[in-house]
Amino acid sequence: MSVLKSDSSMPWSPAHLLAQGETAIWWARPAPEHYAFHKTWGLALVGSVCAVLAGLAFASTLKQGFRWEAVPGLGFAGGFLVVGALGPAWAIRRYFGEAKTITYLMTDRRAIIDKPPAIISMLWSAVTFVELDIVSDRHGNVLFYEYEVDGEGGPARVRDGFIGITNADAVAREMRRLQAAA
């Protein structure tokens, strides 16, 4: 028997996602700030490097005094600054908003991610791994499925699941129990 309770921020039940005779064990929405960080940390790192390089270019140019020959370099550095600041800010804003529309649901038969317009549903017998990634004392990620994306170096496998949830360790324990019982 599960000791999990639904997220208190979601008093409603996502009954529209349940099949006939299926029982909801747990449901929640991701914490927007943790979900956005998980999805954008790489871009934020690249943006930080761009912003630092732009700052160094500005500082070295201004240290030499203003010369018209430096204007193209300042424009180039300004471009780095804009890309370094706006790229991650746009992505964080996008994923922050996306997190507010996602519903995670665990039932006695399957794990469900309702990420409009798509619904990802996996029967417990199809789940091959349950990986716990603790992010902070209250939030974590429970990864349980992977998919392939095209990259520059060829296809890459991406692991995904319940991202930025509270009580992630208990959710992972319950998922492992349901997976073993399937």
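Among residues of region 159-174 that are over 19 Å from Phe37 (Cβ atoms), those with a beta-carbon under 8 Å from a residue that is modelled with pLDDT of 95 or more and β-branched (Val, Ile, Thr) at least six positions away or on a different chain give the pairs Ala172/Val130; Ala172/Val142. Taking the criterion of being within 24 Å of Pro14 (Cβ to Cβ) and among the aromatic types (Phe, Trp, Tyr), the residues of region 103-160 that qualify are Tyr104, Trp124, Phe144, Tyr145, Tyr147. Evaluated against (1) loosely packed, with under 15 Cβ neighbours inside 10 Å; (2) in contact with a Ser or Thr (Cβ under 8 Å, 6 or more places away or on another chain), Tyr147 falls short on exactly one condition, (2).
For region 1-18, a residue qualifies if it is closer than 25 Å to Asp137 by Cβ and modelled with pLDDT of 85 or more, but none of them does. When Phe129 is tested against (1) surrounded by 20 or more Cβ atoms within 10 Å (Cβ to Cβ); (2) outside any strand (DSSP E or B); (3) outside the structural domain of Ala44 (by TED's automatic domain parsing), exactly one condition is not met: (1). Taking region 156-182 as the range and being among the basic types (Lys, Arg) and either surrounded by 14 or more Cβ atoms within 10 Å (Cβ to Cβ) or outside any strand (DSSP E or B) (or both) as the test, the residues that pass are Arg173, Arg176, Arg177. For the residues Val46, Val52, Val71, Val82, the requirement of being at negative phi and touching a residue at least 40 places away in the same chain (Cβ under 8 Å) singles out Val46. State whether the residues of region 53-61 include one that is closer than 29 Å to Arg173 by Cα and surrounded by fewer than 19 Cβ atoms within 10 Å (Cβ to Cβ). Checked region 53-61: no residue is closer than 29 Å to Arg173 by Cα and surrounded by fewer than 19 Cβ atoms within 10 Å (Cβ to Cβ).
The values are calculated or read from the model by the stated rules, or taken from the named source; none is laboratory data. Worth saying up front: this structure is predicted, and the values here are computed from it rather than measured. Glycine also receives a Cβ, built like all others from the backbone with ideal geometry; neighbour counts cover every protein chain displayed.
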